[in-house]
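One structure below.
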Amino acid sequence: MRHGKKINHLSRKTAHRKAMLANMACSLIEHKRINTTVAKAKALKQFIEPLITKSKAENNVSAEKGTHNRRIVFKNLRDKYAVTELFSVVSEKVADRPGGYTRIIKLGNRLGDNADMAMIELVDFNELYNAGKPKKKSTRRSRRSGGSDAEVVSAEKETKVEEAQTETEAKTDDSKE
């Protein structure tokens with residue numbers, strides 16, 4: 001029985017699974033996005049998120065902590081270049097993000113074996129995805145009114161308030177002269 005065993009074994013022995021996740025993590029750090037199966041992407045996300053957290057500057061305030069975190073990350077990744085890249089480039093980009101450093105986007109099924117494919121990427125390194133969506137204007141809606149009608153009503157109220165303010169400002173300017 002496998003009750004309470006939360007790790008996904010990915011049909012591999014322990015050494016093979018750890019080596020595969022380390023190699024995939026190094027590729028993700030180097031290329032900023034990789035294509036793989038959904039199961040491997042989910043396992044990689046659980047593997048790499050704590051490592052990115054350890055690489056952030058706020059966790060490496062003292063030299064002792066920084067060296068300790070670097071050694072822990074190197075133990076998992078086993079690649080000097082990936083560790084250097086993680087602690088320099090990646091940690092600077094994700095410094096203000098409290099978590100959720102990776103994104104999994106499902107791509108459909110692979111032709112050969114019909115496996116569910118996904119792209120896993122570092123969130124802060126995709127300029128197209130982040131810049132494509134402008135921030136929405138926040139509108140206040142009352143609980144009783146519906147969705148889109150309330151937005152139109154609130155926009156009309158805002159324009160009326162702005163017009164009233166400009167009229168009062170114009171009147172005060174006229175009275176001063």
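The values are calculated or read from the model by the stated rules, or taken from the named source; none is laboratory data. Since we're looking at a predicted model, the values are computed, not measured. Counting neighbours? That spans all protein chains shown, and the Cβs are built from the backbone with ideal geometry, glycine included.
Only one of A82, A19, A95, A15 is out of contact with any Phe, Trp or Tyr (no Cβ under 7 Å at 6 or more places or on another chain) and within 21 Å of L128 (Cα to Cα). Can you tell me which?
It is A95.
Based on this model, can you work out whether A131 counts as surrounded by 11 or more Cβ atoms within 10 Å (Cβ to Cβ) and aliphatic (A, V, I, L, M)?
Here the answer is no, as A131 does not meet what is asked.
Quick one: in segment 55-73, which of the residues that are more than 16 Å from the chain's Cα centre (by Cα) and buried (at least 17 other Cβ atoms within 10 Å of the Cβ) is nearest to A118 (Cα to Cα)?
So, considering only residues that are more than 16 Å from the chain's Cα centre (by Cα) and buried (at least 17 other Cβ atoms within 10 Å of the Cβ), the one nearest to A118 (Cα to Cα) is V73.
Quick one: which residue in K45, K65, K5, K32 is of a type outside the set (G, A, S), outside the structural domain of N109 (by TED's automatic domain parsing) and either under 16 Å from D124 (Cα atoms) or at pLDDT below 95 (or both)?
Criteria check complete, one pass: K5.
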